[in-house]
Amino acid sequence: MIPVDDTAQTRAGWLHRRDNPELEQKAVTGVPRDLVNSIDENGSLVTVPPVDWIICFVPGLQAQWWHRFVFSNHKHVFAMRPTSTGSWLLVEPWWTRMMVTILPPADAVKFLRWGGTGDILRVREAVPGNASQFRGWSNCAVLVAFVLGRRSWTWTPQGLFRRLLRETSTRRENVEDLLVEQFTKVIGQHSANALAVSADQLSLPLEELLTIIGRNLLEAMMTPSLIEVCYTAILEAERYPAATRVYAEHGPKRAIAVISRILERAVRDGHIELADCEAAARRFLAMLRGDIHLQAVLQIGRPPTPTELDLRARTAVKLFLNGARAERTANHVTE
């Protein structure tokens with residue numbers, strides 16, 4: 001559901017429009033010609049592929065006089081869409097304005113929980129769409145249909161719900177599955193970047209290799225988007241345990257597995273001696289993290305600087321390897 005990076009495709013389309021004389025448009029007075037010539041076939045300056053929206057049909061939060069005239073669980077409708085950083089884009093029609101904002105994960109869960117009290121649909125938007133601005137009264141159902149590019153004359157959330165359900169591509173969703181999906185993508189992306197080790201790096205001395213991985217892990221841990229996801233996973237652990245498990249499996253467990261393999265290789269090569277590489281990897285990760293991650297989640301103090309993270313990684317590696325080498329020396333003395 002999180003859109004893929006279509007930068008190359010979009011740039012290629014822009015270059016095609018710019019270099020193709022057949023697509024040159026007549027410039028409007030006062031508008032730079034290069035902008036006019038950059039529009040795509042839909043009249044847009046940018047070409048954006050269609051994405052999925054999470055459409056929430058919900059009961060009201062407070063009783064209103066007009067609620068008696070609409071379906072009990074579908075008195076309001078709003079749209080949400082996850083981003084690649086863990087936040088959510090919210091489009092919610094009000095009586096007095098259209099609220100368009102970016103929500104951190106913990107706040108987004110509030111809206112998703114509200115959606116869970118009614119019905120949640122995953123709907124692919126239509127680009128360029130077949131809606132029209134000549135729609136009459138613009139209530140929440142009409143405006144959300146317009147966001148989706150749907151031509152619909154229904155004026156109630158229930159009518160829009162039934163209309164969207166008739167589309168074969170529409171899917172019902174639940175809150176926990178949505179959180180699992182987003183947590184998996186966001187945490188997996190950060191973990192993959194932090195734990196990526198090239199062939200050249202694998203040939204480095206163990207201390208240098210662990211320092212690189214440790215620094216990358218610390219930088220990933222302290223990324224605001226991951227801190228928000230961690231906070232949400234803790235906050236919603238009781239309600240949505242599967243989402244919390246995803247955080248553990250794609251975050252700490254994945255790091256422990258990678259570090260364990262590196263330590264096993266070092267043991268085979270005779271650089272260190274460890275009885276349990278997985279347990280040692282857990283200890284190393286705990287030494288790296290210490291309490292700075294918890295402080296960040298709880299928003300205590302200022303975030304550490306890159307220099308401080310680098311020093312922390314180097315210190316943790318030295319302490320860890322000194323302990324491993326001391327254990328090896330002690331074992332040899334005993335023998």
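The values are calculated or read from the model by the stated rules, or taken from the named source; none is laboratory data. Quick caveat, the model's predicted, so the values are computed rather than measured. Cβ: placed from backbone, ideal geometry, glycine included. Neighbour counts: every protein chain shown.
Details
- Residues satisfying the stated conditions in region 226-270, i.e. surrounded by fewer than 19 Cβ atoms within 10 Å (Cβ to Cβ) and part of a loop (DSSP other than H, G, I, E, B): Ala237, Glu238, Arg239, Asp269, Gly270
- Residue in region 285-295 that is surrounded by fewer than 18 Cβ atoms within 10 Å (Cβ to Cβ) and in contact with a Gly (Cβ under 7 Å, 6 or more places away or on another chain) present: yes
- Checking Phe78, Phe57 one by one, the residue that is in a strand (DSSP E or B), in contact with a His (Cβ under 7 Å, 6 or more places away or on another chain) and closer than 13 Å to Cys140 by Cα is Phe57 and no other.
- Flag: Gly86 matches the condition of being buried (at least 17 other Cβ atoms within 10 Å of the Cβ) and on the phi > 0 side of the Ramachandran plot.
- Candidate set: region 271-311, residues that are part of a helix (DSSP H, G or I) and among the β-branched types (Val, Ile, Thr); chosen: the one farthest from Gly214 (Cα to Cα): Val297
- Hits in region 117-142 (condition: more than 20 Å from the chain's Cα centre (by Cα) and either over 26 Å from Val46 (Cβ atoms) or assigned by TED's automatic domain parsing to the domain that holds Glu181 (or both)): Thr117, Gly118, Asp119, Gly136, Trp137, Asn139, Cys140, Ala141
- Residue within region 53-65 that is in contact (Cβ under 8 Å) with a residue 40 or more places away in the chain, buried (at least 21 other Cβ atoms within 10 Å of the Cβ), hydrophobic (A, V, I, L, M, F, W, C) and closer than 20 Å to Glu236 by Cα present: yes
- Here is the figure for region 185-206: residues that are in a helix (DSSP H, G or I), surrounded by 14 or more Cβ atoms within 10 Å (Cβ to Cβ) and not β-branched (Val, Ile, Thr) total 8.
Yes/no matrix, rows are residues, columns are (1) under 23 Å from Thr315 (Cβ atoms); (2) in contact (Cβ under 8 Å) with a residue 12 or more places away in the chain:
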{"residue": "Glu181", "(1), (2)": "no, yes"}
{"residue": "Gln189", "(1), (2)": "no, yes"}
{"residue": "Val197", "(1), (2)": "yes, yes"}
{"residue": "Asp200", "(1), (2)": "no, no"}
{"residue": "Ser203", "(1), (2)": "no, no"}
{"residue": "Thr211", "(1), (2)": "yes, yes"}
{"residue": "Met222", "(1), (2)": "yes, yes"}
{"residue": "Leu226", "(1), (2)": "yes, yes"}
{"residue": "Glu238", "(1), (2)": "no, no"}
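Residue by residue, here is whether (1) closer than 30 Å to Val297 by Cα; (2) out of contact with any helix residue (DSSP H, G or I) (no Cβ under 9 Å at 6 or more places or on another chain); (3) modelled with pLDDT of 90 or more; (4) part of a loop (DSSP other than H, G, I, E, B) holds:
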{"residue": "Ala106", "(1), (2), (3), (4)": "yes, no, yes, no"}
{"residue": "Lys110", "(1), (2), (3), (4)": "yes, yes, yes, no"}
{"residue": "Val123", "(1), (2), (3), (4)": "no, no, yes, no"}
{"residue": "Trp155", "(1), (2), (3), (4)": "no, no, no, yes"}
{"residue": "Gln158", "(1), (2), (3), (4)": "no, no, yes, no"}
{"residue": "Arg162", "(1), (2), (3), (4)": "no, yes, yes, no"}
{"residue": "Ser169", "(1), (2), (3), (4)": "no, yes, yes, yes"}
{"residue": "Asp177", "(1), (2), (3), (4)": "yes, no, yes, no"}
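- Annotation: of all residues in region 89-106 being buried (at least 16 other Cβ atoms within 10 Å of the Cβ) and in contact with a Leu (Cβ under 9 Å, 6 or more places away or on another chain), the one that is nearest to Glu181 (Cα to Cα) is Pro105.
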